[in-house]
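Taken together, the values in this text are just the output of simple stated rules run on the coordinates, not laboratory data. In this text the structure is predicted, and so the values were computed from the model without any measurement. In this analysis, Cβ positions are derived from the backbone assuming ideal geometry, glycine residues included, and neighbour counts consider all displayed protein chains.
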Amino acid sequence: MTAEGTPPPAGRVILLAGPSGSGKSHLARRSGLPVLSLDEFYKDGDDPGCPRHPELGIVDWDDPAAWDADAAVTAIEQICRTGSCDVPTYDISRDRAVGTTRFDRDGFAAFVAEGIFVGSVVQECRRRGLLADAVVIRRPTWKNFARRLARDLAERRKPPLTLLRRGWALMAAEGALVSSLVSAGCRPVTASEAGELLASWARVTVPDLA
């Protein structure tokens with residue numbers, strides 16, 4: 001039984017964390033497991049509790065207060081227990097959710113949930129008996145900077161100068177971010193170790209889990 005006295009869920013979640021640009025989304029997709037992007041759970045930009053960057057004037061996507069942790073955990077639990085859930089589709093260029101998408105576990109025993117705020121939900125997922133594992137990817141900061149900038153420019157998330165300034169700020173804060181994720185309950189791993197973990201879970205069936 002779980003901490004709340006309910007039956008254990010049929011599925012589990014692998015929480016995959018890492019600095020922006022660390023390659024966590026690529027690793028998750030390559031694993032073959034269903035991937036839930038926790039970045040879809042940002043609050044709308046006009047939410048009165050949504051913080052704004054003091055220098056750039058845009059929504060501060062790197063502040064946990066810009067993100068709805070309760071909604072994310074609720075969705076994770078529903079996917080673990082029922083296999084599917086409607087999740088928001090967030091458009092960063094418009095600072096708001098623009099619709100919903102049906103997420104399905106597709107019969108896998110586990111699915112991946114990745115995003116920069118994974119640390120905010122590790123303990124609650126563990127308490128509810130939903131957690132398969134929680135890991136954070138550690139890579140050289142300059143590699144993350146380059147990957148992040150190339151991605152954001154390709155997706156035209158914001159004007160280039162804004163993305164460059166934000167990228168420098170993220171690089172400076174990266175060490176503290178990884179440390180905070182470890183403190184929140186994530187295991188530090190290399191990208192290759194994360195890939196091996198996901199591959200091993202892709203071979204686990206729901207009967208094996210039970």
| remark: Exactly one of GLY115, GLY23 is at positive phi and out of contact with any Leu (no Cβ under 8 Å at 6 or more places or on another chain), and that one is GLY23
| request: Test LEU15 against the stated conditions and say whether it is surrounded by 13 or more Cβ atoms within 10 Å (Cβ to Cβ), among the aliphatic types (A, V, I, L, M) and over 28 Å from VAL182 (Cα atoms). | output: no
| note | Reported set for region 45-87 where residues are aliphatic (A, V, I, L, M), surrounded by fewer than 19 Cβ atoms within 10 Å (Cβ to Cβ) and more than 14 Å from THR100 (Cβ to Cβ) is LEU56, ILE58, ALA65, ALA69
| task | Give TYR42, TYR90 a once-over and let me know the one that is in contact (Cβ under 8 Å) with a residue 40 or more places away in the chain, in contact with a Lys or Arg (Cβ under 8 Å, 6 or more places away or on another chain) and crowded, with 17+ Cβ neighbours inside 10 Å. | result | TYR90
